[in-house]
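What follows is a short report on a single structure.
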Amino acid sequence: METHFAQLSEHLYVHHGHVNTGILRDGDRALLIDPGDPTFQTTLAELGITKAERMLFTHHHRDNILGVPIAENVRVGVPAKEVSWFAEVETFWNDPKYRWHLYNYHPHNLMRADAIRVTDTYTDGAQITWGSAVLTVLETPGHTDGSVTYLIDVDGKRFAFTGDLIYDEGKIWELYSLQKGQQTSDYHGFLGAKDELKESLEKVRQASPTALIPTHGVVMNDPDKAIDMLLERLAYCYDKYVSISALRHYFPQLFEEFDGHPRHMPIREGKPPPEFLRHFGTTWLIISETDEAFVMDCGSPNIIKQIQQLQVEGEVSEVTQFWVTHYHDDHVNAIPEFQETFPCETIADSVVAAVITNPIGFRLPCISPSVTRVDRITQDGDSWQWNEFTMTAYYFPGQTYYHGGLLVEGRGARMFFAGDSFTMAGIDDYCSGNRNLLGKDVGYEKCLHLIQELKPTHIFNCHVDPAFDFTDAEIAFMLDTLAEREKCYTELFPWDHANYGMDEHWVRCYPYEQEIALGETAQLRVEITNHSDEPRTVTAQPILPTSWGMEISTGETTILPRAAGGFGFSIPIPQHCETLGRVVIPVDITYNARPLGQFREAIFVLTGG
Ligand SMILES: [Zn+2]
Ligand SMILES: [Zn+2]
């Protein structure tokens, strides 16, 4: 990559690599901020700087922390609140609570594969004198919990290195880091860090810097304008989120300020479900005239007991079919036990089956380590008869990308089992990690068009007792809101489509995690969803531990517009390794000529040969 840099004042430079690196110079020595792209070394050489004596980091994300080893005599300074996410990363990577049943996303997994030595930690107000400059640390959480801004007073001016709080005027690098619960788990906190982000941006504004220098993004010479535009856009985007959010049904107290909002969809009344249905936990049960049961999902052993009780009471003879709506743990945790108790056919959509039969291959919200056996995999539109009911299976990317829907027709009803995708308040997209894609024929647009076409008499959610439905006007309103979101979220990001900033998994490793014995060869795929209207070229390179003494050559492919694709790597595992267990393999990505650094990772669990 061609390297370049800009001079901000006599002593201050910024190197533009995949992230911006601040270079504060004092003769032939320098203090660096966010040296994340190793190409900064070329700029140092060009400026005649021979000693990078200090390195300061705004936050713990892997892409802004060194692709090169740090020499012994370099002082490394980090936010005090994030020190363990620099110096003790093994704790994060080895703790199952950061791997399974994910409802909390702080810290974020964009963390270094190996720890770095930290010499200094900074809290709010800390000052550092360097040459003729004075640096002041401001704690500015939002993008990450412990992010800081470094204010630099130098050459009669004040510059603010703001980390990833803001990308450009009115823009932000991505949105999934803002997934944070205030009164709930992070899982329910779409844009939950927006108030924290706002407070941090106001704090930066109060300091009256002449320019903002972000980690990702461009130098902003009009901080007021940049901040105002971002806050305005975020507020508008949030409003478009709340206006049709299913979460208003579950947590009305979170949205009191929007109560009775004239442009928000009013919340529906429910209606009683037909008498041949039963609802326990997240499980719906259909009882046929023959007393056979069709069961959907099994999140806890308690469900099994309740079905057995129905058998004791003579309401149910046997369970003959079982459908899995989606992969979330509260729907699949007890499936292995269910399958042992009730020997029946298990059916799931192909996209759902991919996750529940091999959960170790994925790192997704609420993921369960329970492995489900699937006997029949359905494709979109497959139909079959079950007793007096006609069942039709759909790929239904509503609450999550990995989700199915089931239309059940019979006994005078057209019932649509939508998993967790709707409540009477609207659509369930409050966790960005679930991959709620915006656009034509994807995500909720696809789901709503299907509901429009099928016109079910009853829609069911696994967590809600009453049935409900939507009027044509309500469906049209939701579709209009989604179309508006596609526009307003696209404006928010430095990408040509909103999904890049919202869908964390547009680049992903498959399998995310795999067990592999020493001396064997691991297969790893990098999969990419191109959300643009043009073909995109992507290159990827897995970064192996330096102790393995080998490099994997870069792979490259072109992905068609609005399509997914990818390529594989064969990675030989050394015969001997100092330690067995989990090894994090970051993958360096360049997309459409834009370098993204070590953007994603995979995990190899090494076992004895
Ligand atoms: Zn970041
Ligand atoms: Zn769910």
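The numbers here are math on the coordinates, done by the rules we state, and not lab data. A quick note: this is a predicted structure, and the numbers were derived from the prediction, not measured. With ideal geometry, Cβ positions are generated from the backbone for all residues, glycine too; neighbour counts draw on all protein chains shown.
Between 0 and 90 degrees, the angle of helix 223-242 with respect to the longest Cα principal axis of the chain falls at about 10 degrees.
Only one residue of SER177, THR140, ILE303 has its Cα farthest out toward the positive end of the dipole of the chain, where Lys and Arg carry +1 and Asp and Glu -1 on Cβ, and that residue is THR140.
Placing a label point 7 Å from the Cα of ASP155 along the Cα-to-Cβ line, the residues of the range 196-214 whose backbone N sits under 16 Å from it are 210-213. Indicate the gyration tensor shape class of the range 4-242 (rounded, prolate or oblate), computed on the Cα atoms with a ≥ b ≥ c the square roots of the eigenvalues: a/c under 1.5 is rounded; otherwise a/b larger than b/c is prolate and the rest oblate. Taking the square roots of the gyration eigenvalues as a ≥ b ≥ c, the range 4-242 is oblate. Relative to the longest principal axis of the Cα atoms of the chain, the long axis of helix 301-312 lies at roughly 0 degrees. Charge tally for GLY217 (other residues, Cβ to Cβ under 13 Å; Lys, Arg +1; Asp, Glu -1): -4. Cβ crowding within 10 Å ranks HIS403, HIS261 as HIS261, HIS403, fewest other Cβ atoms first.
The Cα center of the range 315-335 and the Cα center of the range 65-108 differ in position by 38 Å.
Here the chain is treated with +1 on each Lys and Arg Cβ and -1 on each Asp and Glu Cβ, and its dipole about the Cα centre works out to around 920 debye.
Taking the longest Cα principal axis of the chain as reference, the axis of helix 443-454 is set at about 20 degrees. In loop segments of the range 508-574 as defined by DSSP, the GluC sites (Glu not before Pro) with at most 11 further C-beta atoms inside 10 Å of their C-beta are GLU551. What GluC sites (Glu not before Pro) in the range 280-366 are in a loop by DSSP, with at most 15 other Cβ atoms within 10 Å of the Cβ? Here the GluC sites (Glu not before Pro) that fit, given the DSSP loop and packing criteria, are GLU289, GLU313, GLU315, GLU318. The Cα center of the range 519-596 and the Cα center of the range 211-280 differ in position by 35 Å.
Of the GluC sites (Glu not before Pro) found in the range 1-75, those in coil by DSSP whose Cβ has at most 12 other Cβ atoms within 10 Å are GLU2, GLU10, GLU72.
Computed about the Cα centre, the dipole magnitude for the range 277-500 is approximately 400 debye when only Lys and Arg (+1) and Asp and Glu (-1) carry charge, each at its Cβ. Quick check on the chain: take the gyration tensor over C-alpha atoms, sort the square-rooted eigenvalues as a ≥ b ≥ c, and tell me if it's rounded (a/c under 1.5), prolate or oblate. Note, shape of the chain comes out prolate.
Measuring r between the beta carbons of LYS271 and GLU53 and using R0 = 41 Å, the FRET efficiency lands at 0.05.
Distance distribution P(r), the range 277-500, all Cα-Cα pairs, bin width 5 angstrom from 0: 1, 7, 15, 19, 20, 16, 11, 6, 3, 1, 1, 0, 0 percent.
Ordered by the count of other Cβ atoms within 10 Å of each Cβ, fewest first, TRP173, TRP386 give TRP386, TRP173. Taking every DSSP beta bridge with both residues inside the chain, roughly what % is antiparallel (nearest 5)? Expressed as a percentage, antiparallel bridges in the chain total about 75. Among MET111, MET550, sorting on how many other beta-carbon atoms sit within 10 Å of each Cβ, with the fewest leading, yields MET550, MET111. Estimated from helical segments only, the mean residue ellipticity of the chain at 222 nm is -5500 deg cm²/dmol, where each DSSP H run of four or more residues counts as -39500 (n - 2.57).
Projecting the Cα atoms of HIS188, GLY581, PRO79 onto the charge dipole of the chain (Cβ charges, centred on the Cα centre) puts PRO79 farthest toward the positive pole.
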